[in-house]
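Worksheet: the structure to be examined is printed underneath.
The values are calculated or read from the model by the stated rules, or taken from the named source; none is laboratory data. None of the values given here were measured: they were computed from a predicted structure. In this analysis, Cβ positions are derived from the backbone assuming ideal geometry, glycine residues included, and neighbour counts consider all displayed protein chains.
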Amino acid sequence: MALRSFGCSMFRWRGVYHKPLVQVGLAGVRLYSSCPVRISGLDHLVLTVKSVPDSLAFYSKVLGMEIITFKGNRKALGFGQQKFNLHQAGQEFEPKALRPTPGSADLCLITDTPLQRVAEHLQACGVTVEEGPVERSGAVGPIMSLYFRDPDDNLIEVSSYNCPSVGRTK
């Protein structure tokens, strides 16, 4: 195992990669390296925002996320088994991204709520849908998506794997 790990590191260091393994599935062809590390999921993602209170209000009201307070008064937004940690621009916690910037994210969130209902709720909240519903390729298959912006102008895509293709726009 140590030799395999060393080999993986050495070949990557020299700019040479192991031949990837190929798997064909619903989402198309996926390439996997022979590196022994396998990532199984996403725990949290950090969003740098202009205003933590504005982001908390938007994501809780518009997308139903749970407001979480942790480690003193730090804030996060919980959904499913993941969360977005919020960093106030200019007051980020260490370690941080090299260039933490509000409005630089492009996120796709999966919902079980029918997209028509999502669109109606967005409209009721005063959120403009920029595009959709449109068919896209998700991580595990085709999805139907709506696109809109949060208060920092991050692009938010809300998608469903369970949405029929009828009535979509391209």
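Conditions: (1) out of contact with any strand residue (DSSP E or B) (no Cβ under 7 Å at 6 or more places or on another chain); (2) crowded, with 18+ Cβ neighbours inside 10 Å. HIS121 meets all but one. Number of the miss? Among (1) out of contact with any strand residue (DSSP E or B) (no Cβ under 7 Å at 6 or more places or on another chain); (2) crowded, with 18+ Cβ neighbours inside 10 Å, the lone unmet condition for HIS121 is (2). Within the range 105-138, the set of residues being closer than 27 Å to HIS87 by Cα, outside any strand (DSSP E or B) and either at pLDDT below 95 or touching a Phe, Trp or Tyr at 6+ places or on another chain (Cβ under 8 Å) (or both) comprises LEU122, VAL127, THR128, VAL129, GLU130.
Condition check ((1) in contact with a Pro (Cβ under 8 Å, 6 or more places away or on another chain); (2) of a type in the set (D, E, K, R); (3) within 22 Å of VAL134 (Cβ to Cβ)) across all residues:
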{"residue": "LYS61", "(1), (2), (3)": "no, yes, no"}
{"residue": "MET65", "(1), (2), (3)": "no, no, no"}
{"residue": "PHE79", "(1), (2), (3)": "no, no, no"}
{"residue": "PHE84", "(1), (2), (3)": "no, no, no"}
{"residue": "HIS87", "(1), (2), (3)": "yes, no, no"}
{"residue": "GLY90", "(1), (2), (3)": "no, no, no"}
{"residue": "ARG99", "(1), (2), (3)": "no, yes, no"}
{"residue": "PRO102", "(1), (2), (3)": "no, no, no"}
{"residue": "ASP112", "(1), (2), (3)": "no, yes, yes"}
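Which of the residues belonging to the range 109-144 are under 22 Å from PRO53 (Cα atoms) and within 18 Å of the chain's Cα centre (by Cα)?
LEU109
The rows are residues; the columns are (1) without any contact (Cβ under 8 Å) to a residue 40 or more places away in the chain; (2) assigned by TED's automatic domain parsing to the domain that holds THR48; (3) within 19 Å of the chain's Cα centre (by Cα).
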position	(1), (2), (3)
GLY80	yes, yes, yes
PHE84	no, yes, yes
GLU92	no, yes, no
PRO95	yes, yes, no
ALA105	no, yes, yes
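Within the range 139-170, being at pLDDT 95 or above, hydroxyl-bearing (Ser, Thr, Tyr) and more than 27 Å from HIS87 (Cβ to Cβ) holds for SER160, TYR161. THR128 passes every criterion in (1) surrounded by 11 or more Cβ atoms within 10 Å (Cβ to Cβ); (2) without any contact (Cβ under 8 Å) to a residue 24 or more places away in the chain; (3) among the hydroxyl-bearing types (Ser, Thr, Tyr) apart from (1).
Per-residue answers, yes or no, for (1) at pLDDT 95 or above; (2) surrounded by 10 or more Cβ atoms within 10 Å (Cβ to Cβ); (3) under 30 Å from PRO142 (Cα atoms):
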{"site": "GLY7", "(1), (2), (3)": "no, yes, no"}
{"site": "ARG12", "(1), (2), (3)": "no, yes, no"}
{"site": "ALA27", "(1), (2), (3)": "no, yes, yes"}
{"site": "PRO53", "(1), (2), (3)": "yes, yes, no"}
{"site": "ALA57", "(1), (2), (3)": "yes, yes, no"}
{"site": "ILE68", "(1), (2), (3)": "yes, yes, no"}
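Inspect the range 92-101 for any residue being at pLDDT below 95 and surrounded by 14 or more Cβ atoms within 10 Å (Cβ to Cβ) and give the result as yes or no. No, the range 92-101 contains no residue that is at pLDDT below 95 and surrounded by 14 or more Cβ atoms within 10 Å (Cβ to Cβ). Is there a residue being farther than 25 Å from THR113 by Cα and surrounded by fewer than 15 Cβ atoms within 10 Å (Cβ to Cβ) anywhere in the range 79-89? No - not one qualifying residue is present in the range 79-89.
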